[in-house]
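Report on the following structure.
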Amino acid sequence: MLFETISADVKTAMKAKNAVEVLTLRTLLADIRNMQIKRFTEEAKKNQNVQRNQEEVPTDEDVFAVLVKNIKQMEDNLEIFVNSKRDDLLLMENTKIAIYKKYLPLQMSDDELTRIVDNVLKIVSGKSPKEIFGAAMKSIMPMIKGKADGNAVSQIVKQKLGL
């Protein structure tokens, strides 16, 4: 499981005295745990009899979701750091992104994405191109979760539909 791999990598980074990697991976582990706590809290609000299992290990999908969310936030920060001419923060953020990307699955190529989009567009139907777009995105996103950027998929679907 990916969570255990990240935990082991924290220990390895600590032994190597790589402070940036230790900090980055600890932050990632904390974000994953926070996501688990948030999910438990939401379930507890719906069902009073829910008990939290402290030993529950997050699934790889949970880890991918946190990774993608954090990478998006850091990439948004890059633009801010460039505009404010903060090269030190820019370097740090790029380093963190590189560390996080090590744990993502291989990203799909544009050809693979186009093939998936073509197959889905053959299946989905709608009254207008916007309805077809929505239905296609709803079908495609679970298939490519963590393996491709949603914006890239959106662009390909829009191009195919002429939007």
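The values are calculated or read from the model by the stated rules, or taken from the named source; none is laboratory data. Predicted model only: the values in this text are computed from it and were never measured. Glycine gets a Cβ as well: all are built from the backbone with ideal geometry, and neighbour counts include every protein chain shown.
Some points to look at:
- Odd one out for K85 among (1) part of a loop (DSSP other than H, G, I, E, B); (2) under 30 Å from A8 (Cβ atoms): (2)
- The range 58-88, residues that are touching a residue at least 60 places away in the same chain (Cβ under 8 Å) and not small (G, A, S): E61, V63, F64, L67, V68
- For the range 52-98, residues that are of a type in the set (D, E, K, R) and in contact with a helix residue (DSSP H, G or I) (Cβ under 9 Å, 6 or more places away or on another chain) total 11.
- Out of I116, I140, I80, I156, sole residue that is in the same structural domain as T59 (by TED's automatic domain parsing), surrounded by 12 or more Cβ atoms within 10 Å (Cβ to Cβ) and assigned to a helix (DSSP H, G or I): I80
- Looking only at the range 55-88, and only at residues there that are β-branched (V, I, T) and under 12 Å from the mean Cα position of the chain (by Cα), the one that is farthest from I32 (Cα to Cα): I71
- Residue check, G126 outside the structural domain of T12 (by TED's automatic domain parsing) and closer than 27 Å to F3 by Cβ: no
- In the range 1-47, residue nearest to Q73 (Cα to Cα) [restricted to those that are in a loop (DSSP other than H, G, I, E, B) and hydrophobic (A, V, I, L, M, F, W, C)]: M1
- Looking only at residues in the range 35-90 that are at pLDDT below 90 and β-branched (V, I, T), the one that is nearest to V20 (Cα to Cα) is V68.
- Filtering the range 98-113 to residues that are among the hydrophobic types (A, V, I, L, M, F, W, C), modelled with pLDDT of 90 or more and surrounded by fewer than 17 Cβ atoms within 10 Å (Cβ to Cβ) leaves only A98.
- For the range 119-137, taking the residues that are β-branched (V, I, T) and not in a loop (DSSP other than H, G, I, E, B), the one that is nearest to V68 (Cα to Cα) is identified as V120.
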